[in-house]
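Everything below concerns the one structure shown next.
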Amino acid sequence: MLSFLDLGYIRVMETNILRRIFFDQHQHWEKFINKHHRNLRPIVLKEVEKFKNCGNPKNGFKLFVCEGCHDVKRVPYRCKGRFCTTCSSGETEEWGRLLQEEVFQVNHRHVIFTIDKGLREIFLKYRELLKDLMDEAVQVIQTWFQKKFKVTPGVIAGLHTFGARMNFNPHVHMLVTMGGMKKNGEWKKYDYIPFAMLRK
């Protein structure tokens, strides 16, 4: 049985690699702010600051003690920020678990839409266009299946603005049902997505 206890045992959380890169003795983040502060949106500064302090016991924590063995554990509060690699991965897992309960139990395909490298600068400057990018990606899929199979497929879309190398690379990940609903409510299966044609 776990119960709260006053301060005593302190457990230091291991710093993740991204936090070490941002906030180590070389002060990469501070140098970056000094160089690019005019181009940084307030939300970016807010999210990185939350990430910087995530898991810091000075911001509060829960203290648990086992009534049997008297082992004590301190669990710092998390930031729940979008930029935080620890919190966002947990949120993503929970989102995935909830989606699993909601989606049709049929086969799905993973489809990714991105934009030409030459257009990325436009989306970086006019970020309100990112919603349109996601909507258009979904529309391409739905329009093709409505024309080809006369069905409406299920699509779950998520927008990513950065690539694996942390470069600005807006792209849309979609989970697409391998089947769709006809107008009469009947489910129709299919097993082919013409990636090359849709890419054009």
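Laboratory data are not the source of any read-out in this text; all were calculated from the coordinates shown. Just so it is clear, the model here is predicted, and its values are computed rather than measured. For neighbour counting, all protein chains shown are included, and Cβ atoms are generated from backbone atoms with ideal geometry for every residue, glycine included.
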Next on the checklist: Cut-off 16 Å, label point 7 angstrom out along Cα-to-Cβ of Arg41: give me the residues of segment 148-177 whose amide nitrogen falls inside.
Outcome noted: 159-163, 167-172
Checklist entry - In terms of modelled amide H atoms, which long-range or inter-chain residues lie less than 5 Å from the amide H of His108? => result Met178
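Which shape class applies to the chain: rounded if a/c is under 1.5, otherwise prolate when a/b exceeds b/c and oblate if not, where a ≥ b ≥ c are the square roots of the Cα gyration tensor eigenvalues? Mind dumping the intermediate values first?
Details: a/c = 3.63, a/b = 1.54, b/c = 2.36.
The shape class here is oblate.
As an exercise, use a Förster radius of 41 Å and the Cβ-Cβ distance of Arg127 and Phe64 to find the FRET efficiency, rounded to the nearest 0.05. Can you show the working numbers first?
Working: r = 42 Å, r/R0 = 1.02.
Working from the Cβ atoms, E equals 0.45.
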Checklist entry - Using 1/(1 + (r/R0)^6) with R0 = 45 angstrom and r between the beta carbons of Arg120 and Val72, what's the FRET efficiency to the nearest 0.05? => result 0.35
Checklist entry - How far apart, in nm, are two points set 7 Å out from the Cα along the Cα-to-Cβ line at Leu159 and at Ile33? => result 2.7
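Would you kindly state how much longer the chain becomes between His110 and Tyr192 on full extension, computed as 0.36 nm times their sequence separation minus their alpha carbon distance, in nm to one decimal? Don't jump to the answer; show the numbers that get you there.
Details: separation 82, 0.36 × 82 = 29.52 nm, distance 1.22 nm.
Residue separation times 0.36 nm, minus the Cα-Cα distance, leaves 28.3 nm.
Quick check for me: using +1 on Lys/Arg Cβ and -1 on Asp/Glu Cβ, what's the dipole size of segment 104-197 about its Cα centre, in debye to the nearest 20?
Details: 14 positive and 8 negative charges, 52 e Å.
So the magnitude is around 240 debye.
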Next on the checklist: I'd like to compare 156-168, 48-60: which one has the highest average count of other Cβ atoms within 10 Å, and what's the full order after that?
Outcome noted: 48-60, 156-168
